[in-house]
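Q: My questions all concern the structure below.
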Amino acid sequence: MTESAFVGIYRSVDCGELGKITVRTDGESDVKAGDQMGLSFHTNKLHFFDSKGRSAAYS
């Protein structure tokens, strides 16, 4: 799934056994469905949610 947003594009990424995660890429990304991609993270920008979609920081 891909969803455009003003600040970038949100993508659902299948990480195999780890499950799916949602990532935000810049608007210039040319990644297409089915492409393999590497991931890196800015740890100060990570957000975690519980199974009900609530921020895990407040669970």
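Each value in this text was obtained by applying a stated rule to the coordinates, not by laboratory testing. The shown structure was predicted, so the numbers you read here are calculated from the model rather than taken from an experiment. Cβ atoms come from the backbone with ideal geometry, glycine included; neighbour counts cover every protein chain shown.
Q: Give the label of the value calculated from the structure for P(r) over Cα pairs in 10 Å bins from 0, in percent, choosing from (i) 20, 34, 25, 16, 5; (ii) 18, 52, 29, 2; (iii) 28, 42, 21, 8, 0.
A: (ii)
Q: Not counting the cut sites, what is the longest span of the chain without chymotrypsin sites (Phe, Trp or Tyr not before Pro) that DSSP labels loop and that have at most 14 other Cβ atoms within 10 Å? Present the calculation step by step, with values, prior to reporting the outcome.
A: Working: sites that count: F6, F41, F48.
My reading of the result: 7-40 is the longest stretch.
Q: So how strong a dipole does the chain carry about its Cα centre when Lys and Arg Cβ are +1 and Asp and Glu Cβ are -1, to the nearest 20 debye?
A: Computed charge dipole of the chain: roughly 280 debye.
Q: Further question: Under a cut-off of 18 Å between alpha-carbon atoms, report the aspartates and glutamates in cross-link reach of K45, not counting same-chain residues fewer than 8 places apart.
A: In chain and number order, the partners are D26.
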